[in-house]
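Worksheet for the structure shown next.
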Amino acid sequence: MGNTQKGRQKKMKILNFGSLNLDYTYQLPHIVMPGETITSLDLQVYPGGKGLNQSVALAKAGANVYHAGLIGADGDLLRKTCEQSGVDTTFLRECETRSGNAIIQVDENGQNSIILYPGANRQITKEFVDEVLGEFQEGDVLLLQNEINELPYIMEQAYEKGMKIVLNPSPFDDALRLCNMESVSLFLVNEVEGFQMTGEKEPKEIIRKMHEMYPYAEVVLTLGSKGALFAGKEEICEQPIFSVKAVDTTGAGDTFTGYFVTAYYEGKEPKEALRLAAMASAIAVTRKGAAVAVPMRDEVMQKLG
Ligand code: RIB
């Protein structure tokens, strides 16, 4: 067993404390410009939210995942999507605020532009956090994104328990500066978030600075069409993208995260975990929607040959 495999095991419990959104997805010839009005070619309502998408990807990749979060009375589609994908919904609760939603524009090249309405995602209370974390233990994995409130408290409490914290700081905003980033074991960031965290633009510089700032953390940096790289404490490895014709890139990063985290924490070498994640997200972008586009692991394995 290599060093990177120490402390990782098969079928560990993964708690994803995250958002769930109804994605109002408009198909457009191009992303609307300031002052412009355009008629959409299509409108679909998909289950989404970075949290939900990542939970679905974790489950489809084979992880033992629990999703904690809040939905409103309008959140049936979100609950059903989790259940049907194999996500444990014991900690998915309904509150009086409407579910979070996103207005998503998708253009002819599959590129998107997103407006978020947080809704129920920002009604998390410390009591709810305590109740959820009470069911998890030292060594369990906690995955977080930045679409819910109480992140600093969740991180602080989970760290005290000895959980391994994985952070996808997306979307990046000032609220994250209140979090104790030193408690994070693994960051998954794209180039923009890498720049927002470090002030550096070059991938190697982002990695160097991240390691300087958080010497105990491992980093996955995704680089769009240039692939992705993993920087552990002792090794760096790279993975190019699998080239496909994109139809909708919404949730591609979430698919990548769910697959990487599953494979990595079940004990795969980082290079192999990156390869699985890259193929899963390549398949996802050939399909419309976010969570509904995430492939099952069998399909990913088949494509990898
Ligand atoms: O990462 C994609 C997701 O971002 C969408 O599903 C949308 O809900 C927003 O949270």
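Pairs from the list 268/288; 50/245; 50/288 with a Cα-Cα gap above 21 Å: 268/288; 50/245.
For residue 13, the aspartates and glutamates whose Cα comes closer than 13 Å to its Cα, not counting residues fewer than 8 places off in the same chain, are 88, 135, 138, 140, 266. In the range 110-229, taking the dipole from charged Cβ atoms about the Cα centre, the farthest positive-side position among 136, 167, 154 is held by 167. Taking max minus min of the alpha-carbon positions on each principal axis, the chain gives extents of 54, 44, 39 Å, largest first. When GluC sites (Glu not before Pro) are flagged only if DSSP places them in a loop and at most 10 other Cβ atoms lie within 10 Å, the longest unflagged stretch of the chain comes out as 139-233. Two decimals is fine: what is log10 I(q)/I(0) at q = 0.17, 0.18, 0.22, 0.25 Å⁻¹ for the range 31-130, from a Debye sum with one equal scatterer on every Cα and no solvent? The computed values of log10 I(q)/I(0) come out as -0.84, -0.91, -1.16, -1.33.
Taking the DSSP beta bridges in the range 49-157 as the whole, what percent of them are antiparallel, to the nearest 5? Roughly 60 percent of the DSSP beta bridges within the range 49-157 come out antiparallel. GNM remark for the chain: springs join alpha carbons under 10 Å apart, and the peak mean-square fluctuation among 241, 71, 38 falls on 38. P(r) for the range 240-305, from all Cα pairs and a bin width of 10 Å, is 25, 58, 16, 1 %, short bins first.
Restricting the range 213-296 to chymotrypsin sites (Phe, Trp or Tyr not before Pro) that sit in a DSSP loop and have at most 14 other Cβ atoms within 10 Å of their own Cβ leaves 216. For the chain, the antiparallel share of DSSP beta bridges with both residues in that region comes to about 40%.
The numbers here are math on the coordinates, done by the rules we state, and not lab data. Predicted model, so just to flag it, every value in this text is computed and none were measured. For neighbour counting, all protein chains shown are included, and Cβ atoms are generated from backbone atoms with ideal geometry for every residue, glycine included.
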